[in-house]
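Since the structure comes first, as C-alpha coordinates, the remarks are kept for the end.
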Amino acid sequence: MSNQGWTVLIFILLVIVIAVAFVIYKLAAGRADRRREYQNQQKNILVQNGIDVKKQMLGSGKGEYFSGNLREYDTNYINGPRYSTWKISFQDMDTGRIFQYRFSRQMTIGRMPPTEKEEVCLVLEGDGKVSKRHCMIYEGEGTLCLADQNSKNHTYVNGKKADSPVFLHTGDVIKAGETRLKVEFGR
(Lines give C-alpha, C1' and ligand atoms only; values in the text may rest on other atoms or scores of the structure.)
Protein backbone atom coordinates (compact mmCIF):
# COMPACT_ATOMS: atom_id res chain seq x y z
CA MET A 1 0.00 0.00 0.00
CA SER A 2 1.29 3.46 -0.82
CA ASN A 3 1.82 6.31 1.61
CA GLN A 4 -1.27 8.03 0.23
CA GLY A 5 -3.38 4.90 0.90
CA TRP A 6 -2.11 4.69 4.50
CA THR A 7 -2.88 8.38 5.03
CA VAL A 8 -6.47 7.93 3.81
CA LEU A 9 -6.93 4.81 5.98
CA ILE A 10 -5.59 6.59 9.09
CA PHE A 11 -7.82 9.59 8.35
CA ILE A 12 -10.93 7.35 8.06
CA LEU A 13 -10.05 5.51 11.30
CA LEU A 14 -9.54 8.84 13.07
CA VAL A 15 -12.96 10.07 11.90
CA ILE A 16 -14.60 6.83 13.13
CA VAL A 17 -12.90 7.11 16.55
CA ILE A 18 -14.03 10.73 16.91
CA ALA A 19 -17.61 9.82 15.90
CA VAL A 20 -17.75 6.95 18.42
CA ALA A 21 -16.32 9.21 21.16
CA PHE A 22 -18.95 11.86 20.35
CA VAL A 23 -21.81 9.31 20.55
CA ILE A 24 -20.52 8.00 23.90
CA TYR A 25 -20.25 11.58 25.22
CA LYS A 26 -23.83 12.42 24.13
CA LEU A 27 -25.21 9.26 25.75
CA ALA A 28 -23.42 10.01 29.02
CA ALA A 29 -24.47 13.67 28.98
CA GLY A 30 -28.11 12.70 28.29
CA ARG A 31 -28.07 10.28 31.22
CA ALA A 32 -26.70 13.03 33.50
CA ASP A 33 -29.38 15.48 32.26
CA ARG A 34 -32.12 12.92 32.98
CA ARG A 35 -30.67 12.32 36.46
CA ARG A 36 -30.70 16.10 37.19
CA GLU A 37 -34.23 16.37 35.78
CA TYR A 38 -35.37 13.50 38.04
CA GLN A 39 -33.80 15.17 41.08
CA ASN A 40 -35.61 18.42 40.23
CA GLN A 41 -38.94 16.59 40.03
CA GLN A 42 -38.81 16.26 43.79
CA LYS A 43 -38.60 20.04 44.28
CA ASN A 44 -41.33 22.64 44.02
CA ILE A 45 -39.75 24.96 41.49
CA LEU A 46 -41.09 28.43 40.84
CA VAL A 47 -40.48 29.91 37.40
CA GLN A 48 -41.42 33.52 36.82
CA ASN A 49 -41.08 34.68 33.20
CA GLY A 50 -38.49 31.91 32.77
CA ILE A 51 -36.08 33.57 35.21
CA ASP A 52 -34.58 32.15 38.37
CA VAL A 53 -35.26 35.06 40.69
CA LYS A 54 -32.50 34.08 43.09
CA LYS A 55 -29.73 33.67 40.49
CA GLN A 56 -31.20 35.90 37.76
CA MET A 57 -30.65 33.16 35.18
CA LEU A 58 -32.89 32.02 32.34
CA GLY A 59 -34.19 28.48 32.07
CA SER A 60 -37.45 26.58 32.36
CA GLY A 61 -35.97 24.13 34.85
CA LYS A 62 -34.48 26.77 37.11
CA GLY A 63 -36.28 28.48 39.96
CA GLU A 64 -36.55 28.77 43.67
CA TYR A 65 -38.85 27.17 46.17
CA PHE A 66 -42.22 28.87 46.24
CA SER A 67 -42.44 31.51 48.94
CA GLY A 68 -44.58 34.20 47.38
CA ASN A 69 -48.06 34.73 46.02
CA LEU A 70 -49.48 31.98 43.78
CA ARG A 71 -51.65 34.52 41.99
CA GLU A 72 -48.75 36.67 40.78
CA TYR A 73 -48.78 37.47 37.09
CA ASP A 74 -47.01 34.90 34.90
CA THR A 75 -45.99 32.66 37.81
CA ASN A 76 -45.90 28.92 37.23
CA TYR A 77 -45.24 25.88 39.37
CA ILE A 78 -43.10 23.10 37.97
CA ASN A 79 -43.55 19.80 39.79
CA GLY A 80 -45.51 21.61 42.47
CA PRO A 81 -47.95 20.05 44.89
CA ARG A 82 -50.90 18.00 43.74
CA TYR A 83 -54.24 19.68 44.33
CA SER A 84 -57.35 17.96 45.65
CA THR A 85 -60.64 18.00 43.83
CA TRP A 86 -63.21 19.86 45.90
CA LYS A 87 -66.98 19.63 45.82
CA ILE A 88 -68.55 22.91 46.86
CA SER A 89 -72.13 24.13 47.02
CA PHE A 90 -73.51 27.61 47.56
CA GLN A 91 -77.04 28.29 48.72
CA ASP A 92 -78.41 31.75 47.93
CA MET A 93 -79.81 32.82 51.31
CA ASP A 94 -82.54 34.99 49.70
CA THR A 95 -83.81 32.76 46.87
CA GLY A 96 -82.85 29.33 48.21
CA ARG A 97 -81.21 28.46 44.87
CA ILE A 98 -78.30 26.02 45.16
CA PHE A 99 -75.17 26.10 42.97
CA GLN A 100 -72.88 23.06 43.00
CA TYR A 101 -69.37 22.80 41.53
CA ARG A 102 -66.33 20.53 41.42
CA PHE A 103 -62.93 22.18 41.07
CA SER A 104 -59.29 21.90 41.95
CA ARG A 105 -56.85 24.71 42.67
CA GLN A 106 -59.25 27.67 42.46
CA MET A 107 -62.60 29.08 41.40
CA THR A 108 -63.96 32.61 41.17
CA ILE A 109 -67.22 34.33 42.03
CA GLY A 110 -68.28 37.28 39.89
CA ARG A 111 -70.48 38.64 37.10
CA MET A 112 -68.45 37.32 34.14
CA PRO A 113 -68.42 33.73 32.85
CA PRO A 114 -65.16 31.80 33.26
CA THR A 115 -62.24 32.53 30.94
CA GLU A 116 -59.87 29.94 29.49
CA LYS A 117 -57.52 30.38 32.47
CA GLU A 118 -60.27 29.79 35.03
CA GLU A 119 -61.59 26.33 35.73
CA VAL A 120 -64.86 27.30 37.39
CA CYS A 121 -66.75 30.51 38.04
CA LEU A 122 -69.98 31.06 39.98
CA VAL A 123 -71.70 33.72 37.87
CA LEU A 124 -73.98 36.10 39.81
CA GLU A 125 -75.70 37.89 36.92
CA GLY A 126 -78.60 39.54 38.75
CA ASP A 127 -76.54 41.47 41.30
CA GLY A 128 -75.20 44.78 39.94
CA LYS A 129 -72.96 45.28 43.00
CA VAL A 130 -70.91 42.17 42.18
CA SER A 131 -67.63 42.90 40.37
CA LYS A 132 -66.58 41.04 37.23
CA ARG A 133 -64.11 39.02 39.31
CA HIS A 134 -65.38 39.65 42.82
CA CYS A 135 -63.54 37.02 44.88
CA MET A 136 -61.61 33.80 44.53
CA ILE A 137 -61.76 30.52 46.44
CA TYR A 138 -58.61 28.42 46.40
CA GLU A 139 -56.96 25.53 48.21
CA GLY A 140 -54.55 26.52 50.95
CA GLU A 141 -53.05 24.44 53.75
CA GLY A 142 -55.43 21.54 53.14
CA THR A 143 -58.63 23.58 53.25
CA LEU A 144 -60.33 26.29 51.22
CA CYS A 145 -59.54 29.98 51.47
CA LEU A 146 -61.37 33.03 50.14
CA ALA A 147 -59.62 36.15 48.84
CA ASP A 148 -61.31 39.34 47.67
CA GLN A 149 -60.14 40.39 44.20
CA ASN A 150 -60.13 44.15 44.84
CA SER A 151 -63.88 44.29 44.33
CA LYS A 152 -65.57 47.67 44.56
CA ASN A 153 -68.12 46.55 47.18
CA HIS A 154 -65.80 44.14 49.05
CA THR A 155 -66.41 40.56 50.15
CA TYR A 156 -67.64 39.58 53.60
CA VAL A 157 -67.44 36.25 55.43
CA ASN A 158 -69.87 35.85 58.33
CA GLY A 159 -70.38 39.63 58.36
CA LYS A 160 -66.65 40.48 58.56
CA LYS A 161 -64.90 42.23 55.70
CA ALA A 162 -62.31 39.96 54.04
CA ASP A 163 -59.37 42.39 53.79
CA SER A 164 -56.93 39.49 53.56
CA PRO A 165 -57.40 35.80 52.65
CA VAL A 166 -59.78 33.97 54.99
CA PHE A 167 -60.00 30.24 55.75
CA LEU A 168 -63.49 28.98 54.94
CA HIS A 169 -65.53 26.56 57.04
CA THR A 170 -68.65 24.65 56.07
CA GLY A 171 -71.65 26.79 57.00
CA ASP A 172 -69.90 30.15 56.48
CA VAL A 173 -71.91 32.89 54.77
CA ILE A 174 -70.17 34.78 51.97
CA LYS A 175 -71.57 38.15 50.95
CA ALA A 176 -70.61 39.33 47.47
CA GLY A 177 -72.42 42.52 46.47
CA GLU A 178 -75.98 42.04 47.77
CA THR A 179 -75.89 38.24 47.39
CA ARG A 180 -75.46 36.13 50.52
CA LEU A 181 -74.24 32.58 49.92
CA LYS A 182 -74.06 29.80 52.49
CA VAL A 183 -71.13 27.56 51.59
CA GLU A 184 -70.63 23.81 52.15
CA PHE A 185 -67.65 21.90 50.85
CA GLY A 186 -65.70 18.67 51.03
CA ARG A 187 -63.42 16.50 48.96
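See the values below:
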{"read-out": "Subset of the range 148-187 [in contact (Cβ under 8 Å) with a residue 60 or more places away in the chain and of a type outside the set (A, V, I, L, M)]", "value": "179, 180, 182, 184, 185, 186, 187"}
{"read-out": "Matching strands (runs of 3 or more DSSP E) fully within the range 115-187 where at least 3 residues are open to solvent by 30 Å² or more (accessible area, probe 1.4 Å) and at pLDDT 95 or above", "value": "179-186"}
{"read-out": "Filtered residues of the range 128-154 (kept if more than 11 Å from residue 106 (Cβ to Cβ) and among the aliphatic types (A, V, I, L, M))", "value": "130"}
{"read-out": "Any hit, the range 74-86, residues being at pLDDT below 90, among the charged types (D, E, K, R), in a loop (DSSP other than H, G, I, E, B) and open to solvent by less than 100 Å² (accessible area, probe 1.4 Å)", "value": "yes"}
{"read-out": "Search result, residues across the range 93-114 that are open to solvent by 20 Å² or more (accessible area, probe 1.4 Å) and outside any loop (DSSP other than H, G, I, E, B)", "value": "98, 99, 100, 101, 102, 104, 106"}
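The values are calculated or read from the model by the stated rules, or taken from the named source; none is laboratory data. Source: prediction; values computed, not measured. Ideal geometry is used to build each Cβ from the backbone, glycine not excepted, and the neighbour counts take in all protein chains shown. In case anyone asks, the SASA skips ligands and DNA or RNA and just uses the protein heavy atoms, side chains included. Shrake-Rupley method; radii C 1.70, N 1.55, O 1.52, S 1.80 Å.
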